[in-house]
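Colleague: Below you'll find the structure I mean.
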Amino acid sequence: MSAYDVVAEAYAADNDRSYANAYYERPATLALAGDVTGRRVLDAGCGAGPLFAALRDRGAVVSGFDVGAGMVRQARLRLGADADVRVADLAGPLPFPDGGFDDVIASLVLHYLRDWGPALAELRRVLRPGGRLIASVNHPAAGYSDELVAGRRPDHFTTWAQEAAWPVGDGVVELTFWHRSLHAMTDAFTAAGFRLARISEPQPLPEARDLFPDEFAHYEGAPNFLFFVLHAD
Amino acid sequence: MSDYDSVAEAYDLENQNSLLNAYYERPATLGLAGDVAGRRVLDAGCGAGPLFAALRERGAVVSGFDVSAGMVERARLRLGPDADLRVADLADPLPYGDAEFDDVVASLVLHYLEDWGPALGELRRVLRPGGRLIASVNHPVADYCIARLQGRRPDYFATWAEAAEWPVGDQVVKVTFWNRPLHAMTDAFTAAGFRISRISEPPPAPEARELFPDDYHLLATAPSFLFFVLEVE
């Protein structure tokens, strides 16, 4: 069972309109994806499907999976019974054939994995040659600088686990984020057969300033998420 | 006149044996360069020539330039009158023909420039197709974290000038570093026609642990320099 299952409905509602997701991460990922009309796109770690929905609205032929069965149920409610949404674990073999996708989107999901190797190999496998992986993760400078400011001296170069718990609706999601350094990320991408096409550090949408004054002020000028566009060599 | 002119001799002596240069930056750059035997290498911002000397010892055919005439004089003392050393400014057109080099090494020099565009354009021009640019710079996370630790709220996303001075011998070097976020670096590289082969955050040389017991731990656990290997498309 996924940590998100018990709060799937509340999480889905929160994620749909939150500062970090609706006004920052999703618009940035969609902008990096660009024109997806007619492209076969896999939404890896699709959650309750808001990105799936946005990609489909833009003309992509979308498949999605998530490790949380509760999330996949929420996604089906949103996307309809015909949507190709499956329960699958990014850490295991994926239920998709070789070379079937033009793009894979891995939106804020890789940082739940300690070892990126098997997951990236699977994402590479299901992409056609020349296809793209668009991935967003917690920025390596974000957790590290927060630790420093809290008076701790973490090793920037190790991969370390951060236990997080945050309230969602009536419940609490307890999660483990795996922090790793920039070069550990880029080495993992290249080892899996990807080429670095772009590294992006976008800003939230301008309207977030008025809609979320507290969060905007808190995060302004601070690295939060890091985005990669990778090409399958 | 360059800021380094007046301290060229003292800077050279310091740089020759310092933890940051001799036991961290230079071994890392040489490690990324790998086997350079027979390769034509340009040392851009060669200073007093320690990297030039190391590359030449490894069999490369090396040319070098620096904006500081005082540094180039020091380099001539080290490398001999036949060494191809010139006084030139990385911000201006370079006195080399198109595609003259297999590799360019830009060791801790790009961060002195506000605008990387013209410099990278020139480095791209003097490289043959498929040639490599190996560049090291102040790590974008380092200055951000130092400012956070000092209680400031720096804008990670800005390109900003940081005045620095440090004692060299019995004098003081005053320089301006232009800090910028990671994506500004990678975007500048790709805009100039480079593809990103590798991003590296290497550890110091192992022998530094005993030689510099006070400073080794910080250097081994905190981001200081960031290294790129780029290939001409």
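Colleague: With an 8 Å cut-off on Cα pairs and a minimum separation of 6 or more residues, tell me the relative contact order of chain B in percent.
Modeller: Numbers: 436 pairs, mean separation 49.1, N = 233.
Relative contact order of chain B: 21 percent.
Colleague: Further question on the same structure: Given Cβ point charges of +1 (Lys, Arg) and -1 (Asp, Glu) and nothing else, what value in debye, to the nearest 20, does the dipole of the protein assembly as shown about its Cα centre take?
Modeller: In debye, rounded to 20, the protein assembly as shown gives about 1180.
Colleague: Considering only C-alpha atoms, what is the centroid distance from segment B:1-36 to segment A:107-143, in Å?
Modeller: Cα centroid of segment B:1-36 versus Cα centroid of segment A:107-143: 36 Å apart.
Colleague: Helix-only estimate, please: 222 nm mean residue ellipticity of chain B, summing -39500 (n - 2.57) across DSSP H runs of length 4 or more and dividing by its residues, to the nearest 500.
Modeller: It lands at -9000 deg cm²/dmol.
Colleague: What is the dipole size for segment B:19-74, taken about its Cα centre, with +1 at each Lys and Arg Cβ and -1 at each Asp and Glu Cβ, in debye to the nearest 20?
Modeller: 140 debye
Colleague: Now a separate question. Could you compute the net charge surrounding A:Asp89? Neighbours are other residues with a C-beta less than 12 Å from the C-beta of A:Asp89; K and R count +1, D and E count -1.
Modeller: That works out to -1.
Colleague: Then there is this: Could you tell me the convex hull volume per residue, in Å³, taken over the Cα atoms of chain B?
Modeller: 122 Å³
Colleague: What residue among A:Pro223, B:Val104, B:Leu20 has its Cα farthest toward the positive end of the dipole of the protein assembly as shown, where the charges are +1 on Lys, Arg and -1 on Asp, Glu, each on the Cβ?
Modeller: Of the candidates, B:Val104 comes out farthest on the positive side.
Colleague: Can you pull out the GluC sites (Glu not before Pro) in segment B:155-221 that DSSP calls coil and that have at most 16 other Cβ atoms within 10 Å?
Modeller: Details: sites: B:Glu162, B:Glu165, B:Glu207, B:Glu210; in loops: B:Glu207.
Here the GluC sites (Glu not before Pro) that fit, given the DSSP loop and packing criteria, are B:Glu207.
Colleague: If you don't mind, another one. Please give the peptides B:15-26, A:151-162 ranked by average Cβ packing (other Cβ atoms within 10 Å per residue), highest first, as a rough proxy for protection.
Modeller: Ranking, from highest mean packing down: B:15-26, A:151-162.
Colleague: Right, something else. Taking every residue in A:197-203, how many Cβ atoms of other protein chains lie within 10 Å of its Cβ, on average?
Modeller: If you average over the peptide's residues, the count of other-chain Cβ atoms is 5.
Colleague: List the relative contact order of chain A as a percent without decimals, with contacts defined as Cα pairs under 8 Å and 6+ residues apart. Walk me through the numbers on the way to the answer.
Modeller: Details: 437 pairs, mean separation 51.2, N = 233.
Taking the mean separation of contacting Cα pairs over the length of chain A, I get 22 percent.
Colleague: Provide Rg over Rh for the protein assembly as shown; use the alpha carbon set for both Rg and the Kirkwood Rh (inverse mean inverse pair distance).
Modeller: We get a ratio of 1.01 for the protein assembly as shown.
Colleague: Spin-label point model (7 Å from Cα, Cβ direction): what's the B:Asp92 to A:Ala31 distance in nm?
Modeller: Here the answer is 3.8 nm between the modelled labels.
Colleague: Turning to a different aspect of this structure: Can you give me the long-range amide H partners of B:Val61? Hydrogens built in the peptide plane at 1.01 Å from N, cutoff under 5 Å, separation of 5 or more residues or another chain.
Modeller: Here B:Gly38, B:Arg39, B:Arg40, B:Val41 satisfy the definition.
Colleague: Something else about it: Give me a single rounded figure for B:198-208: the average over its residues of other chain Cβ atoms within 10 Å of their Cβ.
Modeller: Average per residue, whole number: 3.
Colleague: Taking the Cα centre as origin and putting +1 on Lys and Arg beta-carbons and -1 on Asp and Glu beta-carbons, what dipole magnitude results for chain A, to the nearest 20 debye?
Modeller: 700 debye
Colleague: Can you pull the Rg over Rh of chain A, Cα-only, Kirkwood?
Modeller: Details: Rg = 17.0 Å, Rh = 18.1 Å.
Expressed as Rg/Rh, it is 0.94.
Colleague: Give the average, rounded to an integer, of partner chain Cβ atoms located within 10 angstrom of each Cβ in A:149-159.
Modeller: Mean partner-chain Cβ count within 10 Å for A:149-159: 3.
Colleague: Still on this structure: Sticking with the crude label model, points 7 Å out along Cα→Cβ, report the distance from B:Val175 to A:Trp160 in nm, one decimal please.
Modeller: 3.0 nm
Just so you know, all these numbers are worked out from the coordinates, no wet-lab data involved. Remember, it's a predicted structure, so these values are computed and weren't measured experimentally. Here the Cβ is made from the backbone with ideal geometry for all residues, glycine too, and neighbour counts use every protein chain on show.
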